[in-house]
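Below you'll find the structure, written out as structure tokens, and then a few comments.
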Amino acid sequence: MSNTAAPKFIGKRFTVSRTHETLQIRINQKVERWQEALLIAWVLAWTFCGGVFLFELLRAPDTEAMFTFRFAMGIMLVFWFFIWWRTLKVLLWRILGQEIITFSKGKMSIQNAFGKWGRVESFGFENMFKLGMIKSEPTSFLGFLDDSFWIMGGERVGFSYAGSKVRFGKQLSVKDCEYLIRSIEAAMREFKTK
């Protein structure tokens, strides 16, 4: 007899599974196929641009006048690499990514997982305060960016922990935030007494 119950799918983005000792909530980060295709096209186009920059840098002759050109191309390649890495990370997040919230005796852990990889942060229930929704300004430019599929931000749920703020629940709707908060509160009550 297995110790793990089959995961339950709740809505489009949530999966809940439990064992005798743990409860796990997974928040899927997939986007629509057309949005994923746009991200892939962007990464490919940006990769091509980087190849052109590198080709031009390598074929520039070794003259004193070309030093300035090489220096400028080097700076441009650093900028290119920064944007390329961030975009590739978002693409991988949208294909493989999920937020995993796990409850066990007296603690909760949060992981931004790329497949099986990702740093896990653990939080003791005794130091968690003010769990709730993070208000966003829908008419502001930053609010618009937080809801965009081309970034990893937009955390909608948070709490205070030992003097710092912890945020998670990326780009959730109000209804999903309310469900997540109720689930966390119920899990904290259950696993506080185990």
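Among the residues of the stretch 174-192, write down those that are loosely packed, with under 12 Cβ neighbours inside 10 Å and farther than 16 Å from Asn127 by Cα. Selection gives Val174, Lys175, Arg182. When each of Arg13, Arg18, Arg33 is tested for being crowded, with 17+ Cβ neighbours inside 10 Å and free of Cβ contacts under 8 Å to residues at least 24 places away in the same chain, the lone residue that passes is Arg18.
Just one of the listed residues (Lys107, Lys135, Lys192) is basic (Lys, Arg) and under 30 Å from Leu88 (Cα atoms), namely Lys135. Counted as qualifying within the stretch 36-136 are the strands (runs of 3 or more DSSP E) with 1 or more residues that are surrounded by 11 or more Cβ atoms within 10 Å (Cβ to Cβ) and touching a Leu at 6+ places or on another chain (Cβ under 7 Å), namely 97-104, 107-114. Candidates Thr68, Thr87, Thr139: the one that is among the hydroxyl-bearing types (Ser, Thr, Tyr), farther than 24 Å from Ala162 by Cβ and modelled with pLDDT of 85 or more is Thr87. Exactly one residue out of Phe159, Phe125, Phe149 is at pLDDT below 85, out of contact with any Phe, Trp or Tyr (no Cβ under 6 Å at 6 or more places or on another chain) and on the phi < 0 side of the Ramachandran plot: that is Phe149.
Could you count how many residues in the stretch 159-181 are in a strand (DSSP E or B) and in contact with a strand residue (DSSP E or B) (Cβ under 7 Å, 6 or more places away or on another chain)?
Within the stretch 159-181, residues that are in a strand (DSSP E or B) and in contact with a strand residue (DSSP E or B) (Cβ under 7 Å, 6 or more places away or on another chain) number 9.
The values are calculated or read from the model by the stated rules, or taken from the named source; none is laboratory data. All figures in this text were calculated on a predicted structure; none of them were measured in a lab. Please note: Cβ atoms are built from the backbone with ideal geometry, for glycine as well, and neighbour counts cover all protein chains shown.
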